[in-house]
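Take a look at the structure below.
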Amino acid sequence: MSHVEFSVNGFSKAVEVDPDMPLLWVLRDVLGLTGTKFGCGAGVCGCCTLHLNGEAIRACQTPIKEVAGKSVTTIEGLSKDGVHPVQKAWIEEDVAQCGYCQPGQIMQAAWLLSKHPHPTDADINEGMAENICRCGTYNRIRCAIHRAAGDECATGKEA
Amino acid sequence: MSTRRDFVKTTCLSLAFTLPMEPRLRFEMADPIEPGGVLAPSAFLRIDGDGTVTIWANKSEMGQGVRTSLAMAMAEELDADWSKVKVQQASSAAKFGDLGITGGSQSTRSTFTPYRTMGATAREMLISAAAAKWKVDRAVCKAENGFIVHGTKRIAYGELVEAASKLEPPKDPPLKHAKNFRIVGTDVKRLDGPDIVTGRAQFGSDLKLPGMLYASVQRCPVFGGKLKSVDATAAKAVPGVKRIINISSGVAVLADSTWAALNGREALKIQWDEGAHASASTMEIWKGFEARLKTPGKVVRKEGKGTAALGKNAIHARYDCPFLAHATMEPMVGLADVKPDRCDIYAPSQGPGWSMAAIQQITGMKPEQIEVHMPLLGGGFGRRAMADFIVEAVECSKTAGVPVKVQYSREDDIQHDYYRPGTLHQLSGSLDGSGRPHAWHHRFTGPSIAASLKMPWPPEATELSGAADLAYEIPNMQVEWAQSDTPFPVGFWRAVPASFNPFVTESFLDELAHKAGKDPLDFRVALLKKDEKRKVGHDELDPARLRRVIELAAEKAGWKAWRMAKHAKGRGMGIAAHAYLECGTYVAEVAEVEVLKDGRVKVHRVVCAVDCGLAINPLNIRAQMESGIIFGLSAALHGEITLEKGRVAQNGFSDYPMLRLADSPRIEVHIVKSDLPPGGVGEPGLPPIAPAVANAIFAATGKRIRSMPMTPGKILKAAKA
Ligand code: FES
Ligand code: FES
């Protein structure tokens, strides 16, 4: 067991846990923050995406000992009341189906936009490549990202 | 900068008390009732004094949008103010009646009228209450967007609920004419959207009860195997591990976190009795299928002279479709709280009723002591109709005496599924003098879902759609199905047999069109000329509706112009359709593909035309078509589950890949305007996509791929042949 201190969504936290426990399970099981989802535990689905010191990472691949002293932002802390441009665009495009992958998609998209304020389709292809949506909401995700950037989306519109 | 003092001192054990936990069951409980009374003419509807309308959905939400469309149906007749509508989830409690199963794209069909009727009942009561208050004839009052209106007078529903609740509910409240719909038929965003994008939405995995333990189960890797012995010494020593319990499916490790449970499970030393399937392999299964196809199967459809009419110019082809896992985004999960006299289950389930018998058997309780509560489902696709994850949680909680949540890992989820049956098909067909199909013979074999799950249906009941119900007019037809049991447990997968049969039949139809030298579009349309509806099994086929979607998809895709134009090498367009008779929906899809040098298939564009009768929520219909297409493309291009030494060889998204965003085609969905009763939309988008892609690959390369998934390996091999 180790004592680890870090910040989550602007609040300081301390936990006594196995230093190898992934951040994902610390958030979900220890801190009760369940917005970050478990999809594979192997870093290949993107469900557990969140921001660590501003970078999008996979919480299932990040042992808590590597989080010490760092700052974590989860879907719950992306904005107050869902007003982040990505969240608003997600609602406007009615992206979600089952919704399970969406916290990860949104955190990945928010990070992508922080790097590319006006991403091209190619930027989106690359930036979102590791986030699976089994319900197949990809085209709406693409459009929502363009919308959040204030850009046009051609996908799904009649040619 | 944070200081020491800012830190909330917490440990695993004390956390439940120090953190503001989400109130549990946010998906089920309505807000507390404010003074002033409520109107609740049924368990599914409550109107509060502040005008809030709470509607309980009796079908599970797994992304198909049912919570929103059910609420729309009720709010429409109620003439509710949509901004005041909330939706909650019905449990298996007696007051909600039998929830049945959420599957087969049946929810809209089975609930649209009942939900409308409940809304209309409340509307009539509110009108009566207002009329009494104003002392006017109720005929001069009408409902309008959350108010009862008479001339210039208006009164909000909230102010009427107390008086209305004292009235007798009317027996047969009038339902609106479709032309007066104001909510139904419009694009309505899903009600769960805001909770989903903020992380507040509650899925089964997200629930936690006081004192709950987290469980991970080691199951025998070989289907049908049994536990011989377990040495749990090392597992017990893993920090956080609390209990190790033998359950019917294997060994469960209970711990104070998911991580500790997973680690404890790693440390188990287990000996299995692998049973009869210890050396089973897919290769063996396919050999069995080959052998089975040599002799006739059960004739499930015969027209004219059947096979006797084939003649010597018939063409023959063999098609195969693999076993598939569901791979819902949220791995299976179940939470049970078994107390001495009561059992509560919190599980994302498509079929709470189907798990009841098992729960009763384990707990020895009566149905009224058991309640299944349903949070959101992180995908279902048929997998969550099964009860295995519930049974495991109940067994664990009963023994441990505390609430237990059983969480599947992704590996567990892929390796312990109820798989989509693999199938092998033999097709023969011949043309008449004018190039129309004259005879059609389809013999196929695979396991039976009905038999495997011991459903009270004939074994072929779950295997025939897309084969025996083929809509095209062919004078001589014979369709035979032969049961081949395999070690795989099989179950319902999105579109069930229509996930494989249409790939075969719509591809083979294209082969006949090619043989006849005809445009595959014209060839199909010519076989759907008779407009009379006809009975097919329990359902009705309306050939005109199928013809219409085929023509619409082709027109919107620019089919004719494409056929005339020259295209870059490797580009092709294909069309396919399926009449999803069980849920009354007709879909045609045109796929535009590019076959790359390395054998990969890039699907650039899909044009979909759908006739699902009355379109309740066009926004969601488009989403469901997109969803079915992407799901179908994962299967068409990537999906395959194999068995080696009795074990599933795949264990996650690396070897059971899914379509990614970059490979997602542009999708256009066109909805046929219709006043017919609404049909389902969760499954019907899927069946046409694989054959549309296969037909497009043929158009692009002249090579016919008769095996799913259509991998680069198969495509390169075909190119060399
Ligand atoms: S759960 Fe972390 S990437 Fe899948
Ligand atoms: S919305 Fe269901 S997995 Fe993405």
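The values are calculated or read from the model by the stated rules, or taken from the named source; none is laboratory data. Keep in mind the model is a prediction, meaning the values are calculated, not measured. Please note: Cβ atoms are built from the backbone with ideal geometry, for glycine as well, and neighbour counts cover all protein chains shown. Calculation scope for accessible area: heavy atoms of the full protein, side chains included, ligands and nucleic acids excluded. Shrake-Rupley method; radii C 1.70, N 1.55, O 1.52, S 1.80 Å.
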Potential extension, B:ALA721-B:SER248 segment - 0.36 nm per residue separation minus Cα distance:
165.3 nm
Between region B:501-526 and region B:109-142, the Cα center-to-center distance that results, in Å:
52 Å
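For chain B, list the DSSP H helices whose alpha carbon atoms reach 30 Å or more along the long axis and whose average Kyte-Doolittle value is -0.5 or above? Before the final figure, lay out the partial values.
Values: long enough: B:107-134 (40 Å, -0.19).
TM-like helix candidates: B:107-134.
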List, in the order given, every pair from B:LYS518/B:LYS556; B:LYS287/B:LYS535; B:LYS189/B:LYS560 whose Cα-Cα distance in the structure shown is over 29 Å.
B:LYS287/B:LYS535; B:LYS189/B:LYS560
Charge dipole of chain B about the Cα centre (unit charges at C-beta), most positive-ward option of B:PRO502, B:LEU175, B:TYR580
B:PRO502
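Tally up the carbon and sulfur contribution to the accessible surface of chain A as a whole percent, 1.4 Å probe, everything protein left in place.
Values: 2680 of 5380 Å².
The nonpolar share, carbon plus sulfur, comes to 50 percent.
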Two-decimal log10 I(q)/I(0) for the protein assembly as shown, as the Debye equation yields it once each C-alpha is a single scatterer, q = 0.04, 0.05 Å⁻¹
-0.18, -0.29
All-pairs Cα distance distribution in region A:2-77, expressed in whole percent, bin size 5 Å:
4, 19, 32, 30, 14, 2
Do you know which residues of region B:198-241 lose at least 50 square angstrom of accessible area in the protein assembly compared with their chain on its own, with a 1.4 angstrom probe?
B:THR198, B:GLY199, B:PHE203, B:ASP206
Give me the residues in region A:83-114 whose solvent-accessible area, probe 1.4 Å, is reduced by at least 50 Å² once all protein chains are included instead of the chain isolated.
A:ILE91, A:ASP94, A:GLN97, A:CYS98, A:TYR100
For region B:207-214, in residue order, the Karplus 3J(HN,Hα) values (coefficients 6.51, -1.76, 1.60; θ = phi - 60°; whole Hz; Gly and Pro = x) are 8, 9, 10, x, x, 5, 10, 9
Potential extension, B:TRP562-B:LYS176 segment - 0.36 nm per residue separation minus Cα distance
134.5 nm
Report, largest value first, the span of the C-alpha coordinates of region A:48-153 along each principal axis, in whole Å.
41, 29, 27
Of the trypsin sites (Lys or Arg not before Pro) in region B:226-301, those whose Cβ has at most 13 other Cβ within 10 Å and which sit in DSSP loop
B:LYS294
If you find the alpha carbon centre of region B:274-340 and of region A:47-77, how far apart are they in angstrom?
44 Å
Longer than 18 Å from Cα to Cα, which of B:LYS515/B:LYS566; B:LYS294/B:LYS454; B:LYS242/B:LYS405; B:LYS242/B:LYS366; B:LYS228/B:LYS269; B:LYS339/B:LYS405 are they? Say none if no pair is.
B:LYS515/B:LYS566; B:LYS294/B:LYS454; B:LYS242/B:LYS366
Would you work out the relative contact order for chain A, in percent, from Cα pairs under 8 angstrom that are 6 or more residues apart?
22 percent
What 222 nm value per residue comes from the helices of the protein assembly as shown, counting each DSSP H run with n ≥ 4 as -39,500 (n - 2.57) and dividing by all residues, nearest 500 deg cm²/dmol?
-8500 deg cm²/dmol
Considering the Cα trace of region B:405-483, what is its radius of gyration and what is Dmax, both in angstroms?
17.9, 65
Accessible area per residue for the protein assembly as shown in Å², computed with a 1.4 Å probe and the full protein assembly in place, what is it?
37 Å²
Which one of A:GLN87, A:GLN102, A:GLN61 has the biggest mean-square fluctuation once chain A is modelled by GNM with Cα springs under 10 Å?
A:GLN61
What distance in nm separates the simple spin-label points at B:LYS166 and B:TRP134, each placed 7 Å from Cα in the Cβ direction?
2.0 nm
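Report the calculated FRET efficiency for B:LYS236 and B:ARG342 (r = Cβ-Cβ distance, R0 = 45 Å), to the nearest 0.05.
Numbers: r = 30 Å, r/R0 = 0.67.
The formula returns an efficiency of 0.90 here.
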Phi angles of region B:405-419, converted by Karplus (6.51 cos²θ - 1.76 cosθ + 1.60, θ = phi - 60°) into ³J(HN,Hα) in whole Hz with x for Gly and Pro, give 10, 8, 10, 6, 7, 4, 4, 4, 5, 6, 8, 10, 10, 10, 7
If amide H atoms are built 1.01 Å from N in the plane of the peptide, which residues on other chains or at least 5 residues away come under 5 Å of the amide H of A:GLU130?
none
For region B:133-260, average projected area of the Cα convex hull in nm²
17.0 nm²
List the residues whose amide H sits under 5 Å from the amide H of B:GLN650, counting only those 5 or more places along or on another chain, with H placed 1.01 Å from N in the peptide plane.
B:THR642
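Longest span of chain A, sites excluded, free of GluC sites (Glu not before Pro) in DSSP loop with at most 11 other C-beta atoms within 10 Å?
Working: sites that count: A:GLU152, A:GLU158.
Free of exposed loop sites, the longest segment is A:1-151.
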May I ask you to evaluate 6.51 cos²θ - 1.76 cosθ + 1.60, the Karplus curve with θ = phi - 60°, for each residue of region B:318-329 and list the ³J(HN,Hα) values in order in whole Hz, giving x for glycine and proline?
10, 10, 9, 10, x, 6, 9, 9, 7, 6, 4, 4
Long-range amide H partners of B:LYS86, meaning residues 5 or more apart or on another chain whose placed amide H is closer than 5 Å, are B:VAL53, B:THR54, B:ILE55
How many Å² of accessible surface get buried when B and A come together, counting both sides, probe radius 1.4 Å, rounded to the nearest 100?
5700 Å²
Any lysines whose Cα falls less than 16 Å from that of B:LYS166, other than same-chain ones fewer than 8 residues away, would be B:LYS133
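List the equivalent ellipsoid semi-axes of chain B in whole Å, largest first, each obtained as the square root of 5λ for an eigenvalue λ of the Cα gyration tensor. Show your work: numbers first, answer last.
Numbers: eigenvalues 387, 282, 101 Å².
Working through the eigenvalues yields semi-axes of 44, 38, 22 Å.
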